[in-house]
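Participant: Mind looking over this structure? Questions follow.
The numbers here are math on the coordinates, done by the rules we state, and not lab data. Just so it is clear, the model here is predicted, and its values are computed rather than measured. With ideal geometry, Cβ positions are generated from the backbone for all residues, glycine too; neighbour counts draw on all protein chains shown.
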Amino acid sequence: MGQFYYQAFDRAEAGILSPRWLMSYHQERLEPEEIKRMEEGPAPEQITVKALSMLVPESVVQQNAEKKRVKRGILGGSEERVVFGRTLYLPYLDFAYQYSTEKGFLSKQSVLSQGRSVFMALREVNMGFDPELVSIAPQLADLEIDAGSVVQGVDSTILVSERLDELRGMLSDFDHQLQELSKRYDSLTKTDRARKEIKENIDHLRKTRETRWKMFADGLKLPSKVDLEKFELLEGNLFYMPYFVARFSRGGESRFLVWDRAGKENETIAEELMKNGKFRDLIQSYVAG
């Protein structure tokens, strides 16, 4: 199996005196334990975070990634090069919310309903809400993890609030456009050729608006009628999930592969890395660091 870990800079190239040089100078003064520590270098900084641990050994995921690399080389005619392969902990926000809804068909009395959902807590990524992840909360534990492997997230509901404001603005724009088009449509006679084109635009805008709302509503398991002005975020708790992220390169092309904590490929995050430059740069900055 090919080697997965490569150092970004060699100490000698960086102009830093190596531990071996120091050992040769102070050989008589150092104890064996001290020599071993200097050879290994400083221990990485550890931080404690709420997280899930890997369910399979990292070596298993490395083997799977190596098989993928070799297979692509056999099929493609040339072998891929490993750029990096590393387990990173991505941030998620488990947040609670409440909203008003109508009670019954005749009554306009508002009642409060509550719910929870999960959101990837990164400004660089917007893959929607994932309420199914709420069920993993009991499995979270305080884990000590290498600080360089923890991708820091937004530790509050502010990011969800920003997404909510974006949605409100987007839906408001759609409603305004639909109102203006409807006025033009009503002002035309049935024989006017422009009437058909305006009707098609109205139908397209309505469908787009419904799709955007459905993405939001399904992600929070909301009913069809909710007043977003009365939608209130309550609190959020940040946690981290491990993913093994590998990047391969061949010629001028590269690709990302991602495995989750159970050793299963996660195509959603891999595709996001391929198409989202900000997310890609963020991940690569942690690998280089």
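Participant: Which FRET efficiency, nearest 0.05, do Lys50 and Lys221 yield, Cβ-Cβ r, R0 25 Å? Can you show the working numbers first?
Facilitator: Working: r = 24 Å, r/R0 = 0.94.
Once rounded, the FRET efficiency stands at 0.60.
Participant: Cβ under 10 Å from Phe95's Cβ, Phe95 left aside: what net charge do those residues give with Lys, Arg +1 and Asp, Glu -1? It would help to have the intermediate numbers written out before the result.
Facilitator: On the way: positive: Arg116; negative: Asp94, Glu235.
Here the count lands on -1.
Participant: What's the extension gain from Ser161 to Arg184 if we count 0.36 nm per residue and subtract their Cα-Cα distance? Don't skip to the end; give the middle numbers.
Facilitator: On the way: separation 23, 0.36 × 23 = 8.28 nm, distance 3.50 nm.
4.8 nm is the gain from fully extending Ser161 to Arg184.
Participant: Based on other C-beta atoms within 10 Å, arrange Ser254, Ser135 from fewest to most.
Facilitator: Numbers: Ser254 14, Ser135 9.
By the 10 Å Cβ count, ascending, the order reads Ser135, Ser254.
Participant: Within the range 206-244, find all residues whose amide N lies under 13 Å from a label point positioned 7 Å from the Cα of Glu132 along Cα-to-beta-carbon.
Facilitator: Under cut-off, by backbone N: 219.
Participant: In addition: Rank the residues Thr189, Thr157, Thr268 as a footprinting-exposure proxy: fewest other Cβ atoms within 10 Å of their Cβ go first. All intermediate terms of the calculation are to be shown ahead of the outcome.
Facilitator: Details: Thr189 7, Thr157 20, Thr268 11.
Lowest count first: Thr189, Thr268, Thr157.
Participant: What does the net charge come to around Gln62 if you take all other residues with beta carbon closer than 13 Å to its beta carbon, with K and R at +1 and D and E at -1? The partial results should precede the final answer.
Facilitator: On the way: positive: Lys67, Lys68, Arg69, Arg86; negative: Glu58, Glu66.
Neighbour charge sum, excluding Gln62 itself: +2.
Participant: Quick one: if you stick a label point 7 Å off each Cα along the C-beta vector at Glu124 and Thr191, how many nm between them?
Facilitator: Computed distance between label sites Glu124 and Thr191 equals 6.2 nm.
Participant: Give the cross-link partners of Lys225 among the lysines, using a straight C-alpha distance below 29 Å as the criterion and excluding same-chain residues fewer than 8 apart.
Facilitator: Lys103, Lys108, Lys183, Lys199, Lys207, Lys214
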